[in-house]
1. Quick one: what pairs do we get from segment 41-56, first residue free of Cβ contacts under 8 Å to residues at least 24 places away in the same chain, second crowded, with 21+ Cβ neighbours inside 10 Å and of a type in the set (Val, Ile, Thr), C-beta under 6 Å, 6+ apart or different chains?
2. Is it the case that Arg86 is part of a helix (DSSP H, G or I), at pLDDT below 95 and in contact with a helix residue (DSSP H, G or I) (Cβ under 8 Å, 6 or more places away or on another chain)?
3. Which members of segment 46-71 meet the condition of being under 18 Å from Met121 (Cβ atoms), acidic (Asp, Glu) and not in a loop (DSSP other than H, G, I, E, B)?
4. Answer yes or no as to whether Ala76 is surrounded by fewer than 21 Cβ atoms within 10 Å (Cβ to Cβ), without any contact (Cβ under 8 Å) to a residue 12 or more places away in the chain and in the same structural domain as Ala143 (by TED's automatic domain parsing).
5. Could you pull out the residue among Arg62, Arg35, Arg20 that is under 13 Å from Ala5 (Cβ atoms) and surrounded by fewer than 15 Cβ atoms within 10 Å (Cβ to Cβ)?
Amino acid sequence: MLVEATLRLVLDRGAEVSTRQIAEAAGVAEGTIFRVFDTKEELLRAAVASAFDSSELVADLRRVDLTAGLEDRLVAAVEALQAHVRRVIRVLYALRSSREPGAHPGGPGDRHRPEDAEPIMRALAALIEPDSGQLRYGPNEAARRLHMVTFAGSHPMITHGQPLSAPEIVSLLLDGLRGHAGSGDPARPSSFTGSSRGDRSC
């Protein structure tokens, strides 16, 4: 409860929030905070770590219907990834001007490490595997590229404030930028129907 309240305040005001504000937002007495956390900085670190926690994202990815078509599965996966990326980016922006000790990602309290991506990659690869025979790359490499393109296509600075939608990201990955013969409109990528390993760009 304290962590959730702190994260909401950090997203709204940055790390310059007081323990009194946190206690009011959580509906507890201020002294309760220090029965759970030694310092406000420790609570801030826990709040930042919760924003980076990928367990909910992985659970969402595992709930995607494996009987759906490849494009539908990937769109659902990208939507879940985008929600997580946006949450993390909001925290990063909220903290970028903070001078709170340990509040910056990369500081002593940062628990976001490359290994945190491994469960995400496994869940993505599991979604891709049923149709991996249609792709130029195996499920693990396809998952890595999907994750990479989703991040790039969702970051406001990389996209200049015009992030791609989940269907656009999936179409870009599967169809690329080149128009396909018979599509009728070179600017509108054709839907994914290929059955050979070399038919699409992924």
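The values are calculated or read from the model by the stated rules, or taken from the named source; none is laboratory data. Here the structure is a predicted model, which is why all the values come from computation and not from measurement. Cβ atoms come from the backbone with ideal geometry, glycine included; neighbour counts cover every protein chain shown.
1. none
2. yes
3. Glu56, Asp60, listed by residue number.
4. no
5. Going through Arg62, Arg35, Arg20 in turn, the sole match is Arg20.
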